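> Shown below is the structure under consideration.
The values are calculated or read from the model by the stated rules, or taken from the named source; none is laboratory data. Model, not experiment: these values are computed from the prediction. FYI the Cβ positions are ideal-geometry reconstructions off the backbone, even for glycines, and counts take in every protein chain you see. Protein only, heavy atoms only, side chains kept; ligands, DNA and RNA dropped before computing areas. Shrake-Rupley method; radii C 1.70, N 1.55, O 1.52, S 1.80 Å.
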Amino acid sequence: AQSVTQLGSHVSVSEGALVLLRCNYSSSVPPYLFWYVQYPNQGLQLLLKYTTGATLVKGINGFEAEFKKSETSFHLTKPSAHMSDAAEYFCAVIRSGGSYIPTFGRGTSLIVHP
Amino acid sequence: NAGVTQTPKFRILKIGQSMTLQCTQDMNHNYMYWYRQDPGMGLKLIYYSVGAGITDKGEVPNGYNVSRSTTEDFPLRLELAAPSQTSVYFCASSYGGVDEQFFGPGTRLTVL
């Protein structure tokens, strides 16, 4: 079985501040990990994904995430928040070698203050 | 490419009514998925398909049915609508099982 925990349903930052959104997963086998973003009244869009290889993954809009196997984490960061980053962010995991059914976290709403 | 399209965008149903949510993708993707999204609960997988003619249950399939007669289309059928089915429904597709999923714009369904 696999599961995803996103710590904090809401994260509030000031414009220009560091963004850190936390994601921890459980999987008995090496996982595929994803971060998606959802803007109001839209579907989800891929920010970045980890499959194999380099553990630091760069995505769109200046976001990046680091796969840390020992900590079972895949936290999302951005050095400087922009007002346009305000959205809902979802972490997802797919277990390799399985039925490829994705499991999503409950989401973290990022609020950016001017 | 239009990507993943869903119709309708909004719908209000009465308890006991039935309806079909339409989903079409033009990317020749093998995998297609139906999710429901409820506030604070993330996305829950209802059904998925790995190719035409093949469908399987996800985490919350009760009250729903699907079919996949073509690669492009993956309709979701609600029989005997209940208030618990009030939600936003998203269709998604991907080329392979571990690839990026492309999402449609969603259907907001209210059952009264």
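> Provide the FRET efficiency to the nearest 0.05 for the B:S67-A:A1 pair, computing r from the beta carbons and using R0 = 25 Å.
About 0.35, to the nearest 0.05.
> Going Cα to Cα from B:K14, which lysines come in below 26 Å? Please leave out same-chain ones fewer than 8 positions away.
Straight-line reach from B:K14, under 26 Å: B:K44, B:K57.
> Using amide H atoms built in the peptide plane, which far-off residues or other-chain residues are under 5 Å from B:Q17 H to H?
B:A81
> Continuing with the same structure: Ignoring ligands, DNA and RNA, what percent of the 1.4 Å accessible area of the protein assembly as shown is carbon and sulfur?
Values: 5580 of 10540 Å².
For the protein assembly as shown, the apolar C and S fraction of the accessible surface comes to 53 percent.
> Something else about it: Can you tell me the alpha carbon radius of gyration of chain A divided by the globular rule-of-thumb value 2.2 N^0.38 Å? Could the numbers behind the result be given before it?
Details: Rg = 13.6 Å, N = 114, 2.2 N^0.38 = 13.3 Å.
Here the Cα radius of gyration is 1.02 times the empirical estimate.
> Another question, if that's okay. Averaged over B:101-111, how many beta carbons belonging to a partner chain fall within 10 Å of each residue's beta carbon?
Partner-chain Cβ atoms within 10 Å, mean over residues of B:101-111: 3.
> Give the span of the protein assembly as shown's Cα atoms along each principal axis, as three whole-Å numbers ordered largest to smallest.
49, 40, 34
> Can you give the local net charge around A:P30? Use residues other than it whose beta-carbon is closer than 10 angstrom to its beta-carbon, Lys and Arg +1, Asp and Glu -1.
+2
> Across the residues of A:101-110, average count of Cβ atoms on other protein chains within 10 Å?
Rounded to a whole number, the mean comes out at 5.
> Additional query: Could you work out the mean count of beta carbons from other protein chains within 10 Å of each residue's beta carbon in B:86-99?
On the way: counts 0, 0, 2, 0, 4, 1, 4, 0, 3, 0, 1, 8, 11, 7.
For this peptide, the per-residue mean of nearby foreign Cβ atoms is 3.
> Also, quick follow-up: Leaving out ligands and nucleic acids, and using a 1.4 Å probe, what accessible area per residue does the protein assembly as shown come to in Å²?
Result: 47 Å² per residue.
> So for the pair B:T5, B:A82, with labels modelled 7 Å out along Cα→Cβ, what separation do we get in nm?
Here the modelled spin labels are 3.4 nm apart.
> Any idea how far apart A:V29 and A:N41 come out in nm if each label point goes 7 Å out from Cα toward Cβ?
Result for the modelled spin labels: 4.2 nm.
> Only four residue types carry charge here, +1 at the Cβ of Lys and Arg and -1 at the Cβ of Asp and Glu. Report the dipole size of chain A about the Cα centre in Debye, rounded to the nearest 20.
300 debye
> According to the square roots a ≥ b ≥ c of the eigenvalues of the Cα gyration tensor, what is the shape class of region B:29-103, taking rounded for a/c under 1.5, prolate for a/b larger than b/c otherwise, and oblate for the remainder? Before the final figure, lay out the partial values.
On the way: a/c = 2.30, a/b = 1.38, b/c = 1.67.
In terms of gyration-tensor shape, oblate.
> Taking amide hydrogens as modeled 1.01 Å from N in the peptide plane, which residues meet the under 5 Å criterion relative to B:R68, leaving out close sequence neighbours?
For B:R68, the qualifying residues are B:G53.
> Another question, if that's okay. From the phi of every residue in region B:82-90, what ³J(HN,Hα) in whole Hz does the Karplus formula 6.51 cos²θ - 1.76 cosθ + 1.60 yield, where θ is phi - 60° and glycine or proline is x?
10, x, 5, 8, 5, 5, 9, 10, 10
> Still on this structure, please answer the following. Assign one of three labels to region B:1-44, namely rounded, prolate or oblate, based on the Cα gyration tensor with a ≥ b ≥ c the square roots of its eigenvalues; rounded applies when a/c is under 1.5, prolate when it is not and a/b is larger than b/c, and oblate otherwise.
Taking the square roots of the gyration eigenvalues as a ≥ b ≥ c, region B:1-44 is oblate.
> Check each of the trypsin sites (Lys or Arg not before Pro) in region A:54-114 and keep only those in coil by DSSP with at most 11 other C-beta atoms within 10 angstrom; list them in order.
A:K69
> Straight-line reach only, C-alpha to C-alpha below 18 angstrom: list the lysines that A:K58 could link to, leaving out same-chain residues fewer than 8 apart.
Of all the lysines, those that pass the test against A:K58 - Cα under 18 Å, at least 8 places apart if same chain - are A:K49, A:K68, A:K69, A:K78.
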